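First up is the structure itself, then whatever we jot down about it.
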Amino acid sequence: MPAIRNIKLEILRSGPSHNQLLSPLTPYLVLCGAEGPVTVNIPFEQRQLLTRLDRLRYSIKDTTVAQSQREAELRDLGEIIGKIFGRVPALLSELGGARSEKGKIVHLRLSLSAFELSALPFETAIAADGFPGSGSPLFLQTNTPVTMTREVRRGRPLPVEWNRPPKILFVFANPAGVAQVPAEKHLNALRRAIDPWVPVKDNPKDKLHEIKKVITILPEATLDQIRQACIKDEYTHVHILAHGASYEHAGDRRYGVALCSSSRPGEMDIVGGERLAIALTMDQAKASTCRGRPTVLSLATCDSGNVKTVLTPGGSIAHEIHAAGIPWVFASQFPLWMRASNIFTEVLYTRLLDGADPRMVLHELRQNLRTSCPRTHDWASIVAYATVPWNFETQVGDFRDKQTRSKIETKFARIDDLLGNGKSPAPEKDNVEEEMKTLCTEIRQVLKEWREDPVALSNPKELSERLGLSGASEKRIGIAYQTGQVKNNEQLVLKAYRKSCEFYLKAVKTETTNHWVITQYLSMLAITSLDSSGEMSRLKKEYGRLWNAALQINQWQLPYTAGRERIWANATLAELYLLGTVFGGEEYRKEAARVEIELCCKKITELCEPDEFPVKSTTRQFLRYAGIWCREEWAELARAALDSLGYSELNVR
């Protein structure tokens with residue numbers, strides 16, 4: 001994934017946030033990078049800007065003249081805003097520096113304190129002279145990709161916990177008097193987005209049960225139902241599909257979300273940003289054990305990013321919800337076509353759940369809307385309020401890695417079901433072999449893309465881990481073919497095992513101190529070679545020193561490990577002692593190795609619960625040594641390991 005260069009642009013003025021109209025006479029202080037402040041004036045009167053924005057509302061009959069008028073207005077506004085950006089020399093310098101860094105995307109963080117500035121459609125900006133893509137929309141050009149988010153200026157950073165198991169709340173409403181919303185299309189988009197992580201089930205009821213673990217639906221939703229749902233459970237993503245509507249508050253017109261009324265069934269309740277923010281972010285500590293607020297809120301709602309009035313405290317719906325503590329809020333500052341809202345949902349959730357950086361997703365979304373909805377300006381309508389902490393890229397990277405691993409595990413779980421290796425018997429299906437091969441191809445494709453990620457290519461440690469996981473996956477594919485009823489399985493098994501060896505060897509060469517990949521490489525060498533007579537002495541002679549090196553590295557590093565790292569180090573050490581039956585020198589003693597294996601396995605069970613993944617994974621590996629990889633040399637040690645891990649259902653072939 002391309003690296004991201006952050007540029008913060010702050011626009012300030014004196015006085016309170018509200019009760020100030022736009023005027024060419026008002027000076028604003030602009031801060032960017034390490035350069036000094038610049039004073040700029042916004043060349044709009046408040047009434048003039050509102051009149052021009054009204055021309056972008058699709059309210060004029062959609063004739064050739066009306067469309068050309070909107071396009072001309074959009075272009076004119078974009079050029080004016082581009083010139084405002086162009087008056088900041090530091091911004092020009094920062095973008096110029098980013099242009100020389102090929103492969104980077106620029107994230108422009110626009111921090112605003114004045115409500116009247118929030119009404120400006122900054123997203124329409126046309127790149128001024130000297131900017132990347134001069135003369136074209138700044139946030140669509142591809143010379144130096146630039147994406148922009150807005151943020152509320154605050155005293156302390158808003159906490160962000162991006163790396164959480166996804167759980168989505170889908171809210172939609174069709175109160176009386178409004179047109180139907182495309183709820184089914186949005187639900188299908190969400191369903192497709194989560195599909196790679198939903199266990200495959202042949203029974204529709206079982207499948208629905210798995211889907212409900214990830215998506216909760218609130219049809220014809222009321223504000224009280226949203227509040228209760230957020231109290232009851234912890235949602236990482238909330239997607240709201242409803243019409244936007246205006247309402248009067250303290251004598252001013254504001255925009256809200258048209259939900260169903262809690263007290264008058266079927267009637268409309270226009271919910272403003274303040275009320276919706278309370279429902280989504282109210283104090284949950286007293287009501288449940290939920291650990292956090294939603295990380296992402298997406299509003300497929302017209303005018304959810306639009307500021308109708310600046311006279312009283314508040315702002316747009318998106319602004320108020322972001323100010324209340326939701327780190328990422330995606331909204332629309334103009335009316336949004338239904339087709340655009342479908343694309344918005346599909347692209348946003350597919351890419352976010354896949355682990356893409358939301359700043360990249362925002363740029364992709366604008367380009368997608370521009371190409372798929374050519375007769376609209378919905379690409380400029382999308383706004384994002386965002387908080388980006390100092391470790392955000394690390395959080396996103398960790399989430400992406402976890403989602404990739406989970407995607408692979410979901411496919412392997414399906415292979416286990418097809419072979420009857422899970423809790424349920426193997427299904428009686430005619431296309432088991434074909435589905436298995438498809439799953440294996442998909443696993444290999446996911447891993448290929450993961451290995452080719454620029455983050456991995458620039459980090460030897462990370463690349464070694466991914467090569468190691470690729471080797472482990474090929475090993476599991478070989479085991480699946482070895483235990484399944486597949487034609488020509490011997491050739492498929494051998495091919496997978498050889499690929500596994502190749503990946504492990506590449507991992508060893510990439511990071512020579514990674515004792516886990518060395519161990520797995522030695523394991524696959526032993527498994528693929530011991531069927532031939534006379535191989536034992538050759539393996540010991542050629543790879544004995546490598547085995548000894550892995551043992552020494554592990555023993556040196558083990559005292560300095562903690563938590564999960566210590567668990568995995570003990571698992572690797574136990575496996576190394578088992579492989580000593582093949583690679584160990586004259587000083588190797590099987591009985592002493594057995595004691596060490598039992599000690600390592602007992603430490604694993606002390607450090608985590610029996611149903612946790614490290615115990616299951618280590619047990620699964622030793623089951624292979626005791627089962628399909630059984631050799632006289634290590635059979636006794638494999639049984640000792642399984643006994644120490646608490647496995648009581650050993651069935652050695």
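Annotations
- Test: residue in the range 183-193 that is in contact with a Gly (Cβ under 9 Å, 6 or more places away or on another chain) and either over 20 Å from residue 412 (Cβ atoms) or in contact (Cβ under 8 Å) with a residue 24 or more places away in the chain (or both): no
- 2 or more residues buried (at least 18 other Cβ atoms within 10 Å of the Cβ) and among the small types (Gly, Ala, Ser): qualifying strands (runs of 3 or more DSSP E) within the range 105-199: none
- Any hit, the range 248-256, residues being modelled with pLDDT of 95 or more and not hydroxyl-bearing (Ser, Thr, Tyr): no
- No other residue among 512, 519 is of a type in the set (Val, Ile, Thr), within 30 Å of residue 558 (Cβ to Cβ), buried (at least 19 other Cβ atoms within 10 Å of the Cβ) and modelled with pLDDT of 90 or more apart from 519.
- Within the range 175-192, the set of residues being of a type outside the set (Gly, Ala, Ser) and more than 16 Å from residue 348 (Cα to Cα) comprises 175, 178, 180, 181, 182, 184.
- Residue satisfying condition, being surrounded by 12 or more Cβ atoms within 10 Å (Cβ to Cβ), outside the structural domain of residue 376 (by TED's automatic domain parsing) and more than 37 Å from the chain's Cα centre (by Cα), within set 21, 53: 21
- From 234, 210, residue being charged (D, E, K, R), assigned to a loop (DSSP other than H, G, I, E, B) and either at positive phi or surrounded by 13 or more Cβ atoms within 10 Å (Cβ to Cβ) (or both): 234
- Any hit, the range 488-495, residues being over 26 Å from residue 415 (Cα atoms), outside any helix (DSSP H, G or I) and among the polar types (S, T, N, Q): no
- Residue that is farthest from the chain's Cα centre (by Cα), among those in the range 630-649 that are crowded, with 19+ Cβ neighbours inside 10 Å and part of a loop (DSSP other than H, G, I, E, B): 634
- Criterion (free of Cβ contacts under 8 Å to residues at least 60 places away in the same chain and in contact with a Lys or Arg (Cβ under 9 Å, 6 or more places away or on another chain)) met by exactly one of 626, 549: 626
- Filtering the range 313-340 to residues that are crowded, with 24+ Cβ neighbours inside 10 Å, aliphatic (A, V, I, L, M) and in a helix (DSSP H, G or I) leaves 317, 318, 321.
- Applying the criterion of being under 17 Å from residue 513 (Cα atoms) and not basic (Lys, Arg) to the residues of the range 563-574, the residue that is farthest from the chain's Cα centre (by Cα) is 573.
- Pair list, Cβ under 7 Å, 6 or more apart: the range 46-57 residue in contact (Cβ under 8 Å) with a residue 12 or more places away in the chain and assigned to a helix (DSSP H, G or I), other residue crowded, with 17+ Cβ neighbours inside 10 Å and among the aliphatic types (A, V, I, L, M): 46/22; 49/22; 49/119; 52/77
The values are calculated or read from the model by the stated rules, or taken from the named source; none is laboratory data. In this text the structure is predicted, and so the values were computed from the model without any measurement. All Cβ positions, even for glycine, are placed from backbone atoms using ideal geometry, and neighbour counts span all protein chains on display.
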